[in-house]
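The values are calculated or read from the model by the stated rules, or taken from the named source; none is laboratory data. Source: prediction; values computed, not measured. Here the Cβ is made from the backbone with ideal geometry for all residues, glycine too, and neighbour counts use every protein chain on show. Remember, those area values only see protein heavy atoms, side chains included, never the ligands or the DNA or RNA. Shrake-Rupley method; radii C 1.70, N 1.55, O 1.52, S 1.80 Å.
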Amino acid sequence: MSGGTQSAAPPLPVFTVPSLAVRYLCAGQKHAQGPHSLPCYAVGMTAARPLPRLLIVEDDPGIRDYLQVGLRYEGFEVDTAPTAGEGLSRYAAAGADLIILDVMLPGPDGYAFLRDLRSRTPVPVLMLTARDSIEDRIRGLEGGADDYLVKPFAFGELVARIRTVLRRSRPDIVELARYADLELNGATREAFRAGRRLDLRPTTFDLLLFMTRHSERVLPKQIILDAVWGREFLGSDNVVELYMGYARRALGDPPLLHTLRGAGYLLQERR
């Protein structure tokens with residue numbers, strides 16, 4: 001503060017991981033301070049319904065950081081631990097709605113972690129590991145894991161599996177995304193605007209759900225392409241413009257989706 005004028009808030013930091021640059025907007029974290037920080041609640045949720053909390057137990061710092069940033073961007077609260085012992089301590093201290101577990105950890109491995117965990121709690125576990133033999137998968141699932149995904153993996157598939165496990169274990173978590181008069185239900189895949197049901201293609205629904213979860217943020221075309229079509233998509237990025245057109249026509253007036261030339265797309269109500 002100088003001369004009665006408030007200094008401008010610093011720009012939000014951008015974290016970059018392979019094919020994914022995201023703005024980290026969770027309040028209470030060291031990189032999200034000041035007037036721009038947002039509470040860790042999904043679009044349309046209230047403080048009584050916090051984000052689903054994930055705990056990642058993974059020793060590889062590159063994979064751990066990639067998952068942490070990407071899953072936060074997908075609407076989860078995320079904690080991490082590099083070892084089985086630290087993972088158990090983190091869970092005892094803060095809990096979790098689901099644990100993502102690597103097998104090949106230093107010290108006690110993922111199977112030992114799972115045995116210890118299952119003696120204490122039925123919290124869901126998704127094993128994410130390079131151990132890809134049928135015997136390893138059977139060992140993990142029979143040892144108490146709720147799902148098993150082999151590395152290398154598609155990030156979109158991981159997110160889908162997490163949400164599927166959470167729907168089974170936490171039916172009280174309703175996948176609703178709301179903005180202005182738009183409401184989308186990720187579980188039933190229904191969409192409404194001002195009470196009017198929208199007839200959407202499956203990909204148009206996915207696009208609107210993603211945009212609604214990140215409303216009032218400028219999203220570059222590549223971010224949208226990676227999130228909705230997947231990083232393995234080999235087609236033209238013009239597909240984003242095509243489906244934005246479908247979404248605009250389905251939403252009708254007043255417009256909610258806006259194009260910012262050279263920057264990306266924005267879901268915002270303009271009065």
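For THR121, THR164, THR188, write out the residues from largest to smallest accessible area, computed with a 1.4 angstrom probe and no ligands counted.
Greatest to least solvent exposure: THR188, THR164, THR121.
Seen from all sides and averaged, what is the projected area of the convex hull of the Cα atoms in the range 146-271, in nm²?
Convex hull of Cα atoms, orientation-averaged projection: 8.8 nm².
Given N residues in the range 52-109, what is its alpha carbon radius of gyration divided by 2.2 N^0.38 Å?
In units of the 2.2 N^0.38 Å rule of thumb, it is 1.03.
Kindly report the accessible area of the range 178-267 per residue (heavy atoms of protein chains, probe 1.4 Å, no ligands, DNA or RNA), in Å².
51 Å²
Could you list the residues of the range 55-83 with an amide nitrogen less than 20 Å from a label point located 7 Å from the Cα of ALA130 in the Cα-to-C-beta direction?
Residues 56-68, 81-83 fall inside that zone.
Which value in nm describes the separation of the simple spin-label points at ASP59 and ASP237, placed 7 Å from the Cα toward the beta carbon?
A separation of 3.8 nm, rounded to one decimal place.
At 1.4 Å probe size, with the rest of the protein present, what percent of the exposed accessible area of the range 136-271 is carbon and sulfur atoms?
49 percent
Average the reciprocal distances over every distinct pair of alpha-carbons in the range 214-271, invert the result, and give the Kirkwood radius in Å.
That comes to 12.0 Å for the range 214-271.
Per residue, how much accessible surface does the range 52-98 expose to a 1.4 Å probe? Answer in Å², no decimals.
Accessible surface, normalised per residue, equals 33 Å².
Would you calculate the volume per residue, in Å³, of the smallest convex hull containing every Cα atom of the range 47-201?
Each residue corresponds to 129 Å³ of Cα convex hull volume.
Keeping all protein chains in the complex and leaving out DNA, RNA and ligands, what accessible area do you get for ARG189 with a 1.4 Å probe, in Å² to the nearest 10?
110 Å²
Probe radius 1.4 Å, ligands and nucleic acids ignored: give me the carbon and sulfur share of the accessible area of the range 62-125 as a rounded percent.
52 percent
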